[in-house]
Amino acid sequence: MAELKIAIVILNWNGKKLLEQFLPSVIEHSQKATIYVADNASTDDSVNFVKTAFPLIKIIQNTENGGYAKGYNDALKHMNADVFCLLNNDVEVTKNWLAPIIETFNTEVNTAIIQPKLLDFNKRDYFEYAGAAGGFIDKYGYPYCRGRIFNTIEKDNGQYNDTSEIFWASGACLFVRKHVFNELKGLDEAFFAHMEEIDLCWRAKNLGYSVKYIGNSTIYHVGGATLSNTNPKKTFLNFRNSLYALTKNAKGSVLLLILMRLVLDGIAAMKFLIELKPKHIFAILKAHVSFYTHLNQLLKQRKQKKNKVKYYKKTSIVVDYFVKNNDVFKS
């Protein structure tokens, strides 16, 4: 069997300090891969820094900052590899992190997307918010993870040291076969940033591919280095893009799901009201306006697909967490 060609692609926007901090671990522990920095039209000195400090790293310079989705779509067109690793610039990798992932791709031809274990760089014995031990989704399109439900994050006690089928892999570190990425026509650029990885995985699963979590491959992620959880823009993107993914990919009557989301998102807005966060309330309203503006286009995209995948969770994670106080993952 020919050895898989792995391209590790680090998307960067004004992240010179992060590259200085985290690129050394990627270089040290990724000898079997080709490493790229895909720069999203940075205005800092990122590109010159990489050229000077890490001359063996390949650089791709995008002409504009099109966010995560367009940034990767533009950059990956230039690469010859069997598997792409989409890696954030605020990630520290560990010894032998690639080996179990490469082995899984070699032995499981239907596995299209893989995520390693994501731990918190700053609290190293806890899972990290962005992906933890693999992503799932409830019947109303709300994402959550093994090891992280809403803002409750579990300590890593080895409870997720397995290899497991998941619903979505974290965009902080997502491995995808090139031919599947091309078959899916890449990431949906309408998302700009946040949840486009969920949409990508959902579309892959609707085509019958498998998405896996590999628990014996570990990375440490800072999280929120580009856009923090307290930023209303992130609230806008999360709520809007969740509705985008749900409408495009969900099985069954999507209009009923949208109505339920209108109610549940209203409850979320009330929570922000209680917390005296008016900018986040406006962000949710803005997200719904943007979503309804694009609803016809999303429904056309939906008609072009065969939506085969039912949800992993038949109930509402919102109800389970906020009403039943279930804050630990249950399959």
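Things worth noting here:
- Residue under evaluation Ser164, criteria (1) outside any loop (DSSP other than H, G, I, E, B); (2) more than 13 Å from the chain's Cα centre (by Cα); (3) within 27 Å of Leu259 (Cα to Cα), criterion not met: (3)
- Hey, Ile10 assigned by TED's automatic domain parsing to the domain that holds Tyr213 and under 24 Å from Ile101 (Cα atoms) or not: yes
- Selection count, segment 29-61, where residues are part of a helix (DSSP H, G or I) and either without any contact (Cβ under 8 Å) to a residue 12 or more places away in the chain or touching a Leu at 6+ places or on another chain (Cβ under 9 Å) (or both): 7
- Enumeration of residues in segment 176-199 that are over 8 Å from the mean Cα position of the chain (by Cα) and under 20 Å from Arg148 (Cβ atoms): Ala193, Asp199
- Matching option when the condition is modelled with pLDDT under 85, of a type in the set (Lys, Arg) and not assigned by TED's automatic domain parsing to the domain that holds Thr94, among Lys300, Lys330: Lys330
- Which listed residue, of Asn157, Asn161, is free of Cβ contacts under 8 Å to residues at least 40 places away in the same chain, in the same structural domain as Glu103 (by TED's automatic domain parsing) and either over 28 Å from Ser25 (Cβ atoms) or of a type outside the set (A, V, I, L, M, F, W, C) (or both): Asn157
- Residue satisfying all of: in segment 75-122; out of contact with any strand residue (DSSP E or B) (no Cβ under 8 Å at 6 or more places or on another chain) and in a helix (DSSP H, G or I); surrounded by the fewest Cβ atoms within 10 Å (Cβ to Cβ) among these: Thr107
- No other residue among Lys58, Lys70 is farther than 23 Å from Lys234 by Cβ and not polar (S, T, N, Q) apart from Lys58.
- When residues in segment 215-265 are screened for being assigned to a helix (DSSP H, G or I) and in contact (Cβ under 8 Å) with a residue 12 or more places away in the chain, 26 of them pass.
- Residue selected from segment 92-130 under the condition touching a Phe, Trp or Tyr at 6+ places or on another chain (Cβ under 6 Å) and of a type in the set (Asp, Glu), by the criterion farthest from Leu23 (Cα to Cα): Asp120
- So Val50, is it surrounded by 15 or more Cβ atoms within 10 Å (Cβ to Cβ) and more than 24 Å from the chain's Cα centre (by Cα): yes
Residue by residue, here is whether (1) within 18 Å of Tyr142 (Cβ to Cβ); (2) out of contact with any strand residue (DSSP E or B) (no Cβ under 9 Å at 6 or more places or on another chain); (3) of a type in the set (D, E, K, R) holds:
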| site | (1), (2), (3) |
| --- | --- |
| Glu165 | no, no, yes |
| Phe175 | no, no, no |
| Ala204 | no, no, no |
| Thr218 | no, no, no |
| Ala245 | yes, no, no |
| Leu259 | yes, yes, no |
| Leu262 | yes, yes, no |
| Lys271 | yes, yes, yes |
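- So Tyr72, is it at pLDDT 95 or above, of a type in the set (Phe, Trp, Tyr), over 20 Å from Lys32 (Cβ atoms) and not in a loop (DSSP other than H, G, I, E, B): yes
- Of the candidates Glu64, Glu92, Glu108, the single residue that is under 18 Å from the mean Cα position of the chain (by Cα), of a type in the set (D, E, K, R) and over 11 Å from Leu11 (Cα atoms) is Glu92.
The values are calculated or read from the model by the stated rules, or taken from the named source; none is laboratory data. Just so it is clear, the structure is predicted and the values come from calculations on it, not from any experiment. Cβ: placed from backbone, ideal geometry, glycine included. Neighbour counts: every protein chain shown.
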